[in-house]
Amino acid sequence: MVVSEAPGAAVPEPAPPPTGTPAGKRGRMIGRGWVQAAILVTLVGFFVLGFLAIRTYQAQPPIPEKVTTSDGQLLFTGEDIRQGQEVFLRNGLMQYGSIFGHGAYLGPDFTADYLHRAATSVQEQYGGAEAGHARTVEDFRVNRYDEKTGTLVWSPAQGKAFTELTGHYAATLNSPDGKNGLRPNAITDPAEIHDLTAYFGWTAWAAAAERPDKTYSYTNNWPSEPLVDNAPTGHTVTWSVLSLIFLLVGAGALFAAFGRWNFLGWHNRDHRELRFHAPRTVLLTPAQRATAWFFFIMAGLFLVQTLLGSATQHYRADLESFFGLPLDHWLPYNLTRTWHVQLSIFWVVTSFLAIGIFLAPLIARGWEPKRQALLTRLLLGALVVVVVGSLIGEMAGMRGWLGPLWAQLGNQGFEYLDLGRIWQVLLTAGMGIWAFILFRGLRRRLRTEHVANMPWLFFLAALALPAFYAVGLLASPDSHFTAADFWRFIVVHLWVEDFLELFTTATVAYLFVLLGVVRERVALSVIFLDIVLYSAGGVIGTMHHLYFSGEPAEHLALGATFSALEVVPLLFLTVEAWSFLQLGARRQSASSTPFPHRWAVMFLAAVGFWNFLGAGVFGFLINLPIVSYYEIGTGLTANHAHAAMMGVYGMLAVGFAMFALRYLIPEERWSDRLASISFWSLNLGLAWMSFATLLPAGALQLYRVVDAGYADGRSLGYLQGGTNMFLEWLRLPGDVVFMVGGVLPLLWMTYLGIRYRSKRTRAPEAPAETLLFTEVVPDSDDDATNTDAADLVVGVADKLGGGSGGPAEAPR
Amino acid sequence: MSGEAAFAAGYVLVLLAVVVALQIWGRQPTSAWASRVFAGFRRAVPDAPQPADQTDWPHSEVGRFHAVIALSVAAIAVVLVAAAMVRNHRPVEVAVLVAAALPHCVLLARQAPRLLRRPEPPPG
């Protein structure tokens, strides 16, 4: 192992702790009020969430023991319904169409589809629209479920409709020609078709039958269906208006408060000068070197994800073939979409795991325990096994190759939690091992820090990732759909929008602290502010996904109110974002050494932009219950999902890669041009995707739903219509720019990171030091009064080490 | 006039509003201290900090970033109109679509060359 000259200066022990802290331990660097507020808001949020979880189990639509007609014919049993859900999940139908509005967007929403077709049939049996409407409404809306006997009684007309629809779904799902996005002859077993129809029929019953003692259905009257008088409820309208008011009041109050008091402490002006170490002088630890492979695999997964995304999108533009190739024979829509969605999580998480490992030695001031690189490589190997294994398992499960092991090794089938149970456990365990790797690397530093300081917050934020991803294990294919959906959205929403966001904020804040451009105290304030604001809205706001999936009305009320408040931090933190990037905050004179992270910062700036537009504007566009009632499962959801997921977490993952690659790729191989091409192509491609196709097509589809009913707006007939197809094709140029200009240069840069990374590593015995910058502190009383203890230590150390021009100064 | 042509023309006008909003957004000061919400604090504190200069990096990138995104939206509008005219080309449809696309064309013609000529601001 070769050791080069250390770029920075050795750091003495931390400054004497404030009164009341154990000797050798740095005291809390932020006011106690911040900590108390964060704990209180989080506890209250989770207490309410726990209450809503209990209510979910109490108020979910009952699964009857048997469903008969009033003349005694047995239609299906509760076991048939459960088996039908398993057939639905095993065949990946939630990644083709949807149930209760949740799932994919090419196939129909099977709840709305069954309801519409059955109601049409019943109405025709009763003599048409004029003569039969009232009886049809009565058949569907009157709840004839007897809780004591577990029997649900349908009218003979409903029974006949069930038989007709069994034939319809057999013809659709067992089509030998395919041409509908599923593989030809996807489901051939008549018993499975029967169970599947029973499952669809049960969800349609729950969508129209009124809850006991209520005047609305188990799904709050969703979907919109004039044939059975399904229309928005009073709750849906009232809470939409109230949530708008809460948003305006919340935003006003927050801005007023922050205008009055200086919570964030931006007032710390100083005249110190930072000198960034040139990347070539920063020696990496062995574990940091190993992260090069993580970033390469991240970019590879990103490329595969976009290719699968383009295949998925092609189905919406042309169901017949993929430019002449019968793609549905090998890669049907439900499989490409499953992989596309799963990979969106995998590649982003790969980058997050890597940046955590990369930052740990920087936080520990250069120290790294033995065998950390070995553990990192083992983690990478495990990650590859889980990714490849789960993707193959999903295909094998859908094709029925795994027999009874389909849910364990194949696909559990819930959108975003598609992977088999064993892969899900392994992924959770992998993230747990990652947290352990971080703990090993940080433990020396953690010993010297108060638990409310940044090193602990960084570690605790990392620890929350496996903990909350594990909540997804509570949903399994044999769970009641409403309960499974509750736990699924704890992962899809709470894990992503709260805990991934928390880890993101902690990581970005720490990046800037490590670069010396933001004071630790300011960064801490931002992290605690993030916890308070996102927990206030985000935890209970999770319920905005569950307005219509069988939850009681309180989920709708609380979800609408608190998710409207989620927009408040987006507004505020967007205003704040550029200030956070305000490199001049800590140096009013220009740096004498170039800032090496132009493109990492630019990607972070793009995160701020897309956070506001994709998550804030496009998210709020569809958030109100009254809008969601008509919109759920249409193109506007896809618009929000792409702009928010790629715009925020995708850009962030690439930004993290750019930061680390700056040290992994030798100076002479680093290309600002490639980084620039990737940056602009990803942003322009994403803007094109959104504004050329997803937004206009979604708006048109929404109009269709309001005009002709939900089932019609979600039908293949509508999607294959001229105007929609025209808009779907319009997406092609943007996707090409995104993939060719955005992803390929990134993949090449990550390859350079492996191919040319320096073999020189930092010696374990090297003294502790700040690695990325030095700081010149002028002799000024004004500066001294504005300097906190930690900064003083670094500043004095740099002075001692000759940071103002001595031998330790970084090359310019 | 077909519904598709009418929708395309209407949507292109919505995109014009998006372009204008992005341009305005890009001109807003990005230093928190320049924000009106901090006006009360600035008045109350004797040594209130100066807002960051818009020429400081990365604030210097804000205008360029928003301008590029805005112009890409204008380009989308032009492409959308061109594609819509291939499918809907009765005189009245062409007239309406061209009228809707014209402001986008003017914006692109005026601002794209200027943007390309402007050198990228250096970081730091």
- Item | Unique residue being in a loop (DSSP other than H, G, I, E, B) and more than 20 Å from the chain's Cα centre (by Cα) when the list is A:Arg673, A:Arg669, A:Arg704, A:Arg662 | A:Arg669
- Note on the structure: Residues of the range A:707-762 being within 21 Å of A:Ala643 (Cα to Cα) and polar (S, T, N, Q), in sequence order, are A:Asn724
- Query: For residues in the range A:707-737 being in contact (Cβ under 8 Å) with a residue 40 or more places away in the chain and not in a helix (DSSP H, G or I), which is nearest to the other protein chains (Cβ to nearest Cβ)?
  - Reply: A:Arg731
- Item | Subset tally (residues that are surrounded by fewer than 17 Cβ atoms within 10 Å (Cβ to Cβ), within 34 Å of the chain's Cα centre (by Cα) and within 21 Å of A:Gly132 (Cα to Cα)) for the range A:211-235 | 1
- Message: Looking at (1) in contact with a His (Cβ under 7 Å, 6 or more places away or on another chain); (2) in a helix (DSSP H, G or I); (3) away from every other protein chain (no Cβ under 14 Å); (4) farther than 25 Å from A:Asp735 by Cα, which one does A:Tyr629 not meet, given that it meets all the others?
- Response: (1)
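One line per residue, one yes/no per condition, for (1) of a type in the set (Val, Ile, Thr); (2) surrounded by 23 or more Cβ atoms within 10 Å (Cβ to Cβ); (3) in contact with a Gly (Cβ under 6 Å, 6 or more places away or on another chain):
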position: A:Trp487; (1), (2), (3): no, no, no
position: A:His493; (1), (2), (3): no, no, no
position: A:Leu500; (1), (2), (3): no, yes, no
position: A:Phe503; (1), (2), (3): no, no, no
position: A:Ala506; (1), (2), (3): no, yes, no
position: A:Tyr510; (1), (2), (3): no, yes, no
position: A:Val518; (1), (2), (3): yes, yes, no
position: A:Ala523; (1), (2), (3): no, yes, no
- Criterion (surrounded by fewer than 19 Cβ atoms within 10 Å (Cβ to Cβ), of a type in the set (Ser, Thr, Tyr), touching a Ser or Thr at 6+ places or on another chain (Cβ under 8 Å) and assigned by the TED database to the domain that holds A:Ala198) met by exactly one of A:Thr68, A:Thr77: A:Thr68
- Query: Applying the selection to the range A:126-138, what residues are within 21 Å of A:Phe200 (Cα to Cα) and free of Cβ contacts under 8 Å to residues at least 40 places away in the same chain?
  - Reply: A:Glu138
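For residues in the range A:676-701 being more than 9 Å from every other protein chain (Cβ to nearest Cβ) and among the small types (Gly, Ala, Ser), which is nearest to the chain's Cα centre (by Cα)? Before the answer, list the steps.
Restricting attention to the range A:676-701, the residues satisfying the condition of being more than 9 Å from every other protein chain (Cβ to nearest Cβ) are A:677-679, A:681-682, A:685-686, A:689-690, A:693-694, A:697-698, A:701.
Next, only the ones that are among the small types (Gly, Ala, Ser) stay: A:678, A:681, A:685, A:690, A:697-698.
Numbers: A:Ser678: 22, A:Ser681: 22, A:Gly685: 20, A:Ser690: 18, A:Ala697: 23, A:Gly698: 21 Å.
Going through the qualifying residues, I end up with A:Ser690.
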- Identify, by number, the condition in (1) aliphatic (A, V, I, L, M); (2) in contact with a Gly (Cβ under 9 Å, 6 or more places away or on another chain); (3) buried (at least 24 other Cβ atoms within 10 Å of the Cβ) that A:Leu556 doesn't meet. (2)
- Task: Examine the range A:372-390 for a residue that is buried (at least 24 other Cβ atoms within 10 Å of the Cβ) and over 27 Å from A:Ala475 (Cβ atoms), and state whether such a residue exists.
- Result: yes
- Message: Taking the criterion of being over 30 Å from A:Glu368 (Cα atoms) and within 14 Å of chain B (Cβ to nearest Cβ), would at least one residue in the range A:741-762 satisfy it?
- Response: yes
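If we scan the range A:459-472, do we find a residue that is over 30 Å from A:Pro369 (Cβ atoms) and in contact (Cβ under 8 Å) with a residue 24 or more places away in the chain? So that I can check it myself, show each step before the final result.
At the first step, the residues of the range A:459-472 found to be over 30 Å from A:Pro369 (Cβ atoms) are A:471-472.
Narrowing the set further to residues that are in contact (Cβ under 8 Å) with a residue 24 or more places away in the chain leaves A:471-472.
Within the range A:459-472, one or more residues are over 30 Å from A:Pro369 (Cβ atoms) and in contact (Cβ under 8 Å) with a residue 24 or more places away in the chain.
Condition first: outside any helix (DSSP H, G or I) and either among the hydrophobic types (A, V, I, L, M, F, W, C) or modelled with pLDDT of 95 or more (or both). Can you find one or more residues in the range A:759-766 that meet it? Break it down stepwise before answering.
Restricting attention to the range A:759-766, the residues satisfying the condition of being outside any helix (DSSP H, G or I) are A:759-766.
Add one more test, that the residue is either among the hydrophobic types (A, V, I, L, M, F, W, C) or modelled with pLDDT of 95 or more (or both), and what stays is A:763, A:766.
So far as the range A:759-766 goes, yes, one or more of its residues are outside any helix (DSSP H, G or I) and either among the hydrophobic types (A, V, I, L, M, F, W, C) or modelled with pLDDT of 95 or more (or both).
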- Please state which of the following conditions B:Glu61 fails to meet, knowing it meets all the rest: (1) at pLDDT 95 or above; (2) at the interface with chain A (Cβ under 9 Å from one of its Cβ atoms). (1)
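Can you confirm whether A:Gly103 is buried (at least 19 other Cβ atoms within 10 Å of the Cβ), out of contact with any Pro (no Cβ under 9 Å at 6 or more places or on another chain), outside the structural domain of A:Ser321 (by the TED database) and at positive phi? Lay out the reasoning, then the answer.
Numbers: buried (at least 19 other Cβ atoms within 10 Å of the Cβ): yes; out of contact with any Pro (no Cβ under 9 Å at 6 or more places or on another chain): yes; outside the structural domain of A:Ser321 (by the TED database): yes; at positive phi: yes.
Answer is yes for this residue.
Residues checked against (1) assigned by the TED database to the domain that holds A:Gly84; (2) under 25 Å from A:His642 (Cβ atoms); (3) aromatic (Phe, Trp, Tyr); (4) within 22 Å of the chain's Cα centre (by Cα):
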position: A:Ile392; (1), (2), (3), (4): no, no, no, no
position: A:Asn411; (1), (2), (3), (4): no, yes, no, yes
position: A:Asp418; (1), (2), (3), (4): no, yes, no, yes
position: A:Glu449; (1), (2), (3), (4): no, no, no, no
position: A:Phe481; (1), (2), (3), (4): no, no, yes, yes
position: A:Val496; (1), (2), (3), (4): no, yes, no, yes
- without any contact (Cβ under 8 Å) to a residue 60 or more places away in the chain and surrounded by fewer than 18 Cβ atoms within 10 Å (Cβ to Cβ), is that true of A:Ser321? yes
- Residue that is nearest to A:Leu460 (Cα to Cα), among those in the range A:510-537 that are among the small types (Gly, Ala, Ser) and in contact with a Leu (Cβ under 8 Å, 6 or more places away or on another chain): A:Ser525
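Say whether the condition of being in a helix (DSSP H, G or I) and either basic (Lys, Arg) or over 15 Å from the mean Cα position of the chain (by Cα) (or both) is met by at least one residue in the range B:64-72. Step through it out loud before you land on a result.
Step one: of the range B:64-72, the residues in a helix (DSSP H, G or I) are B:64-72.
Now drop any that are not either basic (Lys, Arg) or over 15 Å from the mean Cα position of the chain (by Cα) (or both), which leaves B:64.
Yes, the range B:64-72 contains a residue that is in a helix (DSSP H, G or I) and either basic (Lys, Arg) or over 15 Å from the mean Cα position of the chain (by Cα) (or both).
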- Message: Whether any residue in the range A:195-203 is without any contact (Cβ under 8 Å) to a residue 40 or more places away in the chain, out of contact with any Gly (no Cβ under 8 Å at 6 or more places or on another chain) and of a type outside the set (Phe, Trp, Tyr) is what I want to check.
- Response: no
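The values are calculated or read from the model by the stated rules, or taken from the named source; none is laboratory data. Just so it is clear, the structure is predicted and the values come from calculations on it, not from any experiment. Here the Cβ is made from the backbone with ideal geometry for all residues, glycine too, and neighbour counts use every protein chain on show.
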